[in-house]
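The values are calculated or read from the model by the stated rules, or taken from the named source; none is laboratory data. Predicted model only: the values in this text are computed from it and were never measured. Cβ placement follows ideal geometry from the backbone for every residue including glycine, while neighbour counts extend to all protein chains displayed. Keep in mind that these areas ignore ligands, DNA and RNA; they rest on the heavy atoms of the full protein, side chains included. Shrake-Rupley method; radii C 1.70, N 1.55, O 1.52, S 1.80 Å.
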Amino acid sequence: MLDNSLKEQVKAIFANLESEYQFDIYASEKHESYSELVELLDDVVSCSPKLSLNINDGDAISFKLMKNGKKTGIVFRGIPNGHEFTSLLLAVLNSDGKGKNQPDEFIRKRVKSLKGKIKLSTYVSLTCTNCPDVVQALNLMTIINPNITHEMVDGSIYKEEAESLRIQAVPAVYADGELLHVGRGEFGALLTKLEAKYGTEETETPDEEAKKFDVVVVGGGPAGASAAIYSARKGLNVAVLAETVGGQVKETMGIENLISVPKTTGIELTGQLRKHMEEYPISILEHRLVEKVELDDKHKIIHVKGGEKFITGSLIIATGANWKKLNVPGESDHIGKGVAFCVHCDGPFYKDKHVAVIGGGNSGIEAAIDLAAICSKVTVFEFLDELKADRVLQEKVASLTNVEVFLSSQTTEIIGDNEKVKGLRVKDRKTDNERIVDIDGVFVQVGLAPNSSVFKDIVNISKYGEIEVDEHCRTNVPGIYAAGDVTTVPFKQIIISMGEGAKAALTAFDDRIRGVVS
């Protein structure tokens, strides 16, 4: 199953394993996927003398990861190939205390302090690009906290089980049988949800001592990475606080307008952002959620969930934006049950079905084009009187026979039974007439909402929720700067965010020289 080139890569990855690992299979030889699973794990085992395989009779397809003869708590119910192959490799590496995705000690303490026994299940599709991030994060938590168990479940193999849960979007995470999370999710966000559900053990450790930096950048996307690099190049002590490096960019499949880079992907660009920052002495602190910012004379005190504090003279806000919701009746009730935001992850669930796309900008029309290859019919509803997508995309969508576009159309309700979407209520903005359109699913593509709420009591915010900045990226508060999609700067583009991040860093340095900040 693994070609020789891939085997050599796996051998290199596992070359320094210290413990003994065993894939403990429980499967029926009669299962149609039995041979595929055994062949895959046989190939992986052949790559290291530290790996072995044990096959037991079972009634389905699954295997446990054992370490030195003991359970790690990690289970794969399915065949972790495709995008999930990396999850398999990282499960072994992380169990051995290795891998670049290891969280720092502060985050590990938060994981260890989760209360009680926790059983997690993540339903995935092997074509889903967001699923591995969730699987790998929860596997890592399982390794850190022995009271957690986690299983990856391939929804295509356990189809009846997924259908009984009415899963229509992945990844779908269940915690002790209750839905915890649907869709893209990073380690920090998932940890926060687990803390909210299960609570944390109280510790008697003293208050965390505040960490001091010349510059603190909040956000790890293109703007944040650029700001951090430019600040570090000035010889300053820099920290980046981010839920994840890459931010919203990680969701972007194809990037073809980053000048000098003809084509890349969000995942590739995220890797390059991290690699570039690692060329400098930048403290990259992931899985951080800023809860509050206080002003103390010229200093800014940043409070992070879990009790961590940072003090700086220069704060650069580069928190970006997230997908907007419609905020209409029925939407929140059906997220993961017919309401989706990621075409690449959830599109396959709607094969040969009728879906709607809300939004006629680039993201909406790109979504319609992608879905047209999967679905029997795609209906696009645009609120404005014309599409805002690039001309080339409009021409492409017009050529597709199974796509229809309605302008001046306002979605007022998503209709369903709390188990699946059945239709949309749409109003014609010119006539005010309403109609119900029968559909099987809806993909919301109406733009981005700035992640500015935690700063709204500190700096000026526009009526659209954007942080107001001048041409130098200064906010109304001396020593606080903002850059990228979270600001009032027009055109939310990667290349613009990078430039704004650099500008914010240079402005902060100039203010430092002039004594505006300490």
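Data overview
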item: Cleavage-rule hits, GluC sites (Glu not before Pro), region 270-329, DSSP coil, Cβ neighbours within 10 Å at most 13; result: GLU278, GLU279
item: Region 320-326 - phi-based ³J(HN,Hα) in whole Hz, Karplus 6.51/-1.76/1.60, Gly and Pro as x; result: x, 8, 10, 4, 6, 9, 6
item: Carbon plus sulfur fraction of accessible area for region 260-304, probe 1.4 Å, in percent; result: 51
item: Solvent exposure of region 247-330 as accessible area per residue, Å², 1.4 Å probe; result: 51
item: Solvent-accessible surface (1.4 angstrom probe) belonging to PHE310, in square angstrom, nearest 10; result: 0
item: GLU39/SER462 FRET efficiency (R0 35 Å; Cβ-Cβ; nearest 0.05); result: 0.05
item: From phi via Karplus (6.51, -1.76, 1.60), per-residue ³J(HN,Hα) for region 504-512 in Hz, x at Gly/Pro; result: 4, 5, 5, 5, 4, 5, 4, 5, 5
item: Label-point separation in nm, SER260 to GLN9, each point 7 Å along Cα→Cβ; result: 2.7
item: Filtered chymotrypsin sites (Phe, Trp or Tyr not before Pro), region 457-509: DSSP coil and at most 10 other beta carbons within 10 Å; result: TYR464, PHE491
item: Quotient of Cα Rg and 2.2 N^0.38 Å for region 374-515, N being how many residues it contains; result: 1.45
item: Surface accessible to a 1.4 Å probe, CYS128 within the full protein complex, Å²; result: 0
item: Percent RCO, i.e. relative contact order, over the chain, from Cα pairs under 8 Å lying at least 6 residues apart; result: 12
item: Pairwise Cα inverse-distance average, inverted: Kirkwood Rh of region 1-156 (Å); result: 15.9
item: Integer Hz, Karplus 6.51/-1.76/1.60 couplings in order for region 373-387, x for Gly and Pro; result: 7, 10, 8, 6, 8, 10, 10, 9, 10, 10, 5, 7, 7, 8, 6
item: Computed E for THR412/ASN362 - FRET, C-beta separation, R0 30 angstrom, nearest 0.05; result: 0.80
item: GluC sites (Glu not before Pro) restricted to DSSP loop in region 334-398 with at most 16 other C-beta within 10 Å; result: GLU386
item: Three-way shape call for the chain based on the alpha-carbon gyration tensor, with the a/c threshold at 1.5; result: oblate
item: Label point at ASP470 placed 7 Å out along Cα→Cβ; residues across region 282-300 whose backbone nitrogen lies under 15 Å; result: none
item: Computed accessible area, THR265, all protein chains, 1.4 angstrom probe, square angstrom; result: 40
item: Potential extension, ARG435-SER332 segment - 0.36 nm per residue separation minus Cα distance; result: 35.0 nm
item: Distance (nanometres) between label positions extended 7 Å along Cα→Cβ at LEU384 and LYS119; result: 5.1
item: Relative contact order of region 1-130, defined on C-alpha pairs under 8 angstrom at six or more residues apart (%); result: 24
item: Stokes-Einstein D (µm²/s) once Rh is taken as the Kirkwood radius of region 252-303 over alpha-carbon pairs, at 10 °C in 1.306 mPa s; result: 112
item: Rel. contact order, % - alpha carbon contacts under 8 angstrom, at least six apart, region 76-220; result: 28
